[in-house]
Amino acid sequence: MGQVKKIMIVDDSRVSRMMIKSIVVDKNPHWEVLEAGNTDEALKLSINQVIDYFSVDLNMPGRDGLELIELLKPEFKSSKFALLTANIQQATHERAEKLIVQCFNKPVTNESINQMLRYFNE
Amino acid sequence: MNEANLLNDLEQDFLVELFNLGIGKAADSLSQIVNQEILLSVPDVEYISLETLNEKMGGHKEICSVSQSVKGQFCANSMLLFPEQSSLEVVKKMLGDQYSDETIVELHQEGFTEIGNIVLNACIGSLAQSFDAEFKVGLPFYQIGSADDVLQAPDQENILFIRINLVLSESKVEGYLIFLLEQLSFSKFKGMLNQMIKGLLSK
């Protein structure tokens with residue numbers, strides 16, 4: 001648990017990134033946190049990086065979170081991906097399941113982020 | 001107004017029931033964000049002109065709104081509206097006590113947009129489940145202004161207007177969840193409602 005891990009938080013909402021980061025860092029003070037506001041930023045930022053965990057928002061301008069995960073997966077084969085989304089539609093969750101991505105429902109709360117962290121630490 | 005387009009009592013009753021489920025989900029999300037109970041009104045379904053709608057919402061000078069388009073078997077515009085001061089209070093509750101008032105004001109737009117995104121998606125998700133359909137939900141769009149500025153509907157005479165009042169029980173602030181159904185998709189929508197009602201009655 002005390003290991004230094006690297007997590008990338010991708011969300012177009014700065015407020016959401018702030019809230020996710022604050023809960024993640026509170027539980028894991030040693031983790032390194034990278035932040036990106038959209039898919040392009042995330043792709044650029046991930047070049048030559050070792051990233052253990054990705055927390056990705058679904059609904060973003062440009063390419064959405066699932067498209068981002070599809071692009072990242074071949075480069076980050078052993079990383080874990082969490083799709084954090086307000087979209088609770090079954091069809092969305094099914095698309096995520098196909099990519100073997102775990103979904104967590106927004107809003108960002110201690111509970112939802114702790115669930116995501118438990119998944120990362122499994 | 002074309003009378004054939006109006007919902008009959010049974011259709012309206014069923015629609016209110018569907019929205020009750022949807023706003024239940026939306027209220028649950030909002031309640032998690034602001035850490036307090038959300039009191040809901042029974043959905044108010046009306047087929048009215050845009051002018052009347054603006055009059056109804058005209059009580060507040062500055063209204064903050066987040067809207068998202070809903071596209072699928074029918075198309076609609078969904079909106080979360082709070083008077084400006086109340087929307088600040090909602091953002092403050094979401095962020096917690098650790099931020100100064102200046103920071104809250106700075107984060108107001110982004111915070112409220114995200115709240116709209118979550119609340120509207122919760123409601124739409126539930127509706128999609130009820131209709132057994134998938135809806136494409138657009139990106140959240142933030143606006144602040146008078147009711148006239150905020151409530152702009154496509155060029156059409158009448159709109160189906162579904163309004164739900166949301167009251168934060170402790171903060172005592174009130175907002176609205178609104179769905180505007182476009183004329184073109186109205187007959188489709190009516191057809192879907194009827195199919196579902198038939199399905200229920202034949203069981």
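Observations on the model:
- Shielding value for B:121-129 is 5, the average number of Cβ atoms from other chains within 10 Å of each residue's Cβ.
- Dipole orientation for chain B: of the candidates B:G24, B:V167, B:L53, B:G24 has the Cα lying most toward the positive pole (charges on Cβ; Lys, Arg +1; Asp, Glu -1).
- When B and A come together, around 1900 square angstrom of accessible surface is lost from both chains combined, probe 1.4 Å.
- Surface composition of region B:15-97: carbon and sulfur make up 47 percent of the accessible area, probe 1.4 Å.
- Spatially close Lys pairs in chain B, defined by Cα atoms under 13 Å apart and a spacing of eight or more places or different chains, total 4.
- Axial C-alpha extent at least 30 Å, average Kyte-Doolittle at least -1.0 - helices from chain B (DSSP): B:9-34, B:101-131
- From phi via Karplus (6.51, -1.76, 1.60), per-residue ³J(HN,Hα) for region A:25-37 in Hz, x at Gly/Pro: 5, 4, 7, 9, x, 8, 5, 8, 10, 10, 10, 9, x
- Lys, Arg +1 and Asp, Glu -1 on Cβ, resulting dipole of the protein assembly as shown about Cα centre, debye, nearest 20: 1180 debye
- Principal axis extents of the C-alpha atoms in region B:3-202 (largest first, rounded to whole Å): 56, 33, 27.
- Rg then Dmax, both in Å and based on the Cα atoms of region B:77-143: 14.0, 44.
- Surface per residue (accessible, 1.4 Å probe) for chain A, Å²: 49 Å²
- Amide H contacts under 5 Å for A:E35, placed H, 5+ residues apart: A:I9
- Set of lysines with alpha-carbon distance to A:K98 below 18 Å, sequence-local pairs under 8 removed: A:K73, A:K77, A:K80
- Rounded to the nearest 20, the Cβ-based charge dipole of region A:40-122 about its Cα centre (Lys and Arg +1, Asp and Glu -1) stands at 100 debye.
- Relative contact order of chain B, defined on C-alpha pairs under 8 angstrom at six or more residues apart (%): 35 percent
- Inter-chain Cβ neighbour average for residues B:100-113, partner chain, 10 Å: 2
- The C-alpha atoms of chain A occupy a region whose extents along the principal axes are 36, 32, 27 Å, arranged from largest to smallest.
- Sites listed here are GluC sites (Glu not before Pro) in region B:30-126 whose DSSP assignment is loop and whose Cβ has at most 15 other Cβ atoms within 10 Å: B:E37, B:E62.
- Phi angles of region A:65-75 translate, via the Karplus equation with coefficients 6.51, -1.76, 1.60 and θ = phi - 60°, into HN-Hα couplings of x, 5, 5, 4, 4, 4, 6, 7, 3, x, 7 Hz per residue; Gly and Pro are given as x.
The values are calculated or read from the model by the stated rules, or taken from the named source; none is laboratory data. Every value quoted in this text rests on a predicted model; they were computed, and no experiment measured them. No Cβ is skipped: glycine too gets one built from the backbone with ideal geometry, and neighbour counts run over all protein chains shown. When the accessible area is computed, the model is the full protein with side chains, heavy atoms only, and any ligands, DNA or RNA have been set aside. Shrake-Rupley method; radii C 1.70, N 1.55, O 1.52, S 1.80 Å.
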